[in-house]
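One structure is given here, and the rest of the page talks about it.
The values are calculated or read from the model by the stated rules, or taken from the named source; none is laboratory data. Bear in mind that the values here come from a model prediction, so they are computed numbers and not experimental data. Virtual Cβ from ideal backbone geometry, glycine too; neighbours counted across all protein chains shown. These area figures cover heavy atoms from the full protein model, side chains too; ligands, DNA and RNA do not enter into them. Shrake-Rupley method; radii C 1.70, N 1.55, O 1.52, S 1.80 Å.
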Amino acid sequence: MTYWEQECADKSLRETLIVLINNKDISLLEDEKELFRVLKRHLTRKELHAFCMKEGQKSNEAIAQRVSVKIEEVDLLLRKANRKLKQAKVSNEIFSKESSEHKE
């Protein structure tokens with residue numbers, strides 16, 4: 001079971017990423033497990049777990065305790081995760097192939 005499934009069983013990772021990226025002109029991969037694998041490749045374990053917990057409406061205190069960081073560092077972890085999610089190298093992997101055909 002992935003961190004996402006543990007923390008956000010009732011939410012779609014795909015839909016969450018669409019909202020986060022905020023670009024209606026793109027199409028993301030359909031496979032939730034593949035999306036999670038992309039995130040796992042690009043985020044540290046702590047960033048990924050903090051991101052999943054925050055999306056699951058967990059408090060900063062709970063996140064700090066689970067990922068073994070000081071509470072002051074939780075916001076930094078979340079900012080780093082969000083910044084990485086918006087980088088081109090991550091975006092290129094989560095976009096479906098149909099939407100990235102213009103790259104030749």
*Arrange the residues Phe95, Phe51 by how much accessible surface each exposes, largest first, with a 1.4 angstrom probe.*
Phe95, Phe51
*Using alpha-carbon coordinates, inclination of helix 32-42 to the longest axis of the chain, degrees*: 70 degrees
*Using a 1.4 angstrom probe and counting only protein chains, how large is the accessible area of Leu78 in Å², to 10?*
20 Å²
*asked:* Can you compute the modelled spin-label distance between Glu73 and Asn92, with each label point 7 Å from Cα toward Cβ, in nm?
replied: 3.1 nm
*asked:* Along the Cα→Cβ direction, 7 angstrom out, place labels at Leu20 and Arg41. What is the inter-label distance in nm?
replied: 1.6 nm
*Return the carbon/sulfur percentage of the accessible area of the chain, one whole number, probe 1.4 Å, all protein chains in place.*
49 percent
_C-alpha long axis of helix 71-85 to longest principal axis of the chain, angle in °_ = 10 degrees
*Report the label-to-label distance for Thr2 and Glu34 in nanometres (one decimal), using points 7 Å from each Cα along the Cα→Cβ vector.*
1.2 nm
*Of the cross-linked pairs Lys54/Lys86; Lys54/Lys89; Lys40/Lys89; Lys11/Lys89; Lys33/Lys58; Lys11/Lys33, which ones have a Cα-Cα span greater than 19 Å in the structure shown?*
Lys54/Lys89; Lys11/Lys89; Lys33/Lys58
